[in-house]
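The values are calculated or read from the model by the stated rules, or taken from the named source; none is laboratory data. All figures in this text were calculated on a predicted structure; none of them were measured in a lab. As a convention, Cβ positions derive from the backbone with ideal geometry for all residues, glycine included, and neighbour counts pool all protein chains shown. Surface accessibility is based on the protein's heavy atoms, side chains included, excluding ligands, DNA and RNA. Shrake-Rupley method; radii C 1.70, N 1.55, O 1.52, S 1.80 Å.
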Amino acid sequence: MEVRLGNVVARCPHCKGTEFVHMDPGTPFNMLSDLICPHCELATTYCELILQISDRAMAEARAKLHGGDKL
Ligand SMILES: [Zn+2]
């Protein structure tokens with residue numbers, strides 16, 4: 001599965017992959033669900049990926065504010 005918020009997709013911090021697998025499909029999926037990157041087997045959580053996305057969205061918004069005249 002991809003973890004996305006708006007048009008920003010979460011990336012594995014290790015291999016930059018965008019696919020994640022729910023580690024425990026028997027349990028309901030929620031913010032604290034454990035996910036694993038199928039490429040490098042890095043373990044993370046849905047919550048961590050959402051935080052990563054919001055950090056990146058903030059950084060991009062800031063870059064746009066300050067770098068608008070360079071486009
Ligand atoms: Zn990975």
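Things to note:
Table: residues versus (1) part of a loop (DSSP other than H, G, I, E, B); (2) more than 13 Å from the chain's Cα centre (by Cα); (3) loosely packed, with under 13 Cβ neighbours inside 10 Å.
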{"site": "CYS12", "(1), (2), (3)": "yes, no, no"}
{"site": "THR18", "(1), (2), (3)": "yes, no, no"}
{"site": "PHE29", "(1), (2), (3)": "yes, yes, yes"}
{"site": "LEU32", "(1), (2), (3)": "yes, yes, yes"}
{"site": "CYS47", "(1), (2), (3)": "no, no, no"}
{"site": "GLN52", "(1), (2), (3)": "no, no, no"}
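- Cβ-Cβ distances below 8 Å connect the following pairs, each with a first residue in the range 37-50 that is within 16 Å of THR27 (Cβ to Cβ) and of a type outside the set (A, V, I, L, M, F, W, C), a second residue that is more than 13 Å from the ligand (Cβ to nearest atom) and open to solvent by less than 70 Å² (accessible area, probe 1.4 Å), and a separation of six or more residues or different chains: THR45/SER33; TYR46/SER33.
- Test set (1) surrounded by fewer than 10 Cβ atoms within 10 Å (Cβ to Cβ); (2) within 16 Å of the ligand (Cβ to nearest atom) - HIS39 fails condition number: (1)
- Close contacts from the range 16-27, counting a first residue that is in contact (Cβ under 8 Å) with a residue 12 or more places away in the chain and closer than 20 Å to ILE53 by Cα and a second that is near the ligand (Cβ under 9 Å from one of its atoms) and open to solvent by 60 Å² or more (accessible area, probe 1.4 Å), with Cβ to Cβ under 9 Å and a gap of 6+ residues or different chains, come to GLY17/ARG11; GLY17/PRO38; GLY17/HIS39; THR18/ARG11; GLU19/PRO38; GLU19/HIS39; PHE20/PRO38; VAL21/PRO38.
- Residue-level check: of (1) away from the ligand (no atom under 16 Å from the Cβ); (2) open to solvent by 90 Å² or more (accessible area, probe 1.4 Å), ALA61 misses just (2).
- Residues satisfying the stated conditions in the range 1-15, i.e. within 14 Å of ASP55 (Cβ to Cβ) and either away from the ligand (no atom under 13 Å from the Cβ) or not charged (D, E, K, R) (or both): VAL3, LEU5, GLY6, VAL8, VAL9, ALA10, PRO13
- Within the range 12-42, being among the hydrophobic types (A, V, I, L, M, F, W, C) and under 14 Å from MET1 (Cα atoms) holds for CYS12, PHE20, VAL21, MET23, PHE29, LEU35, ILE36, CYS37.
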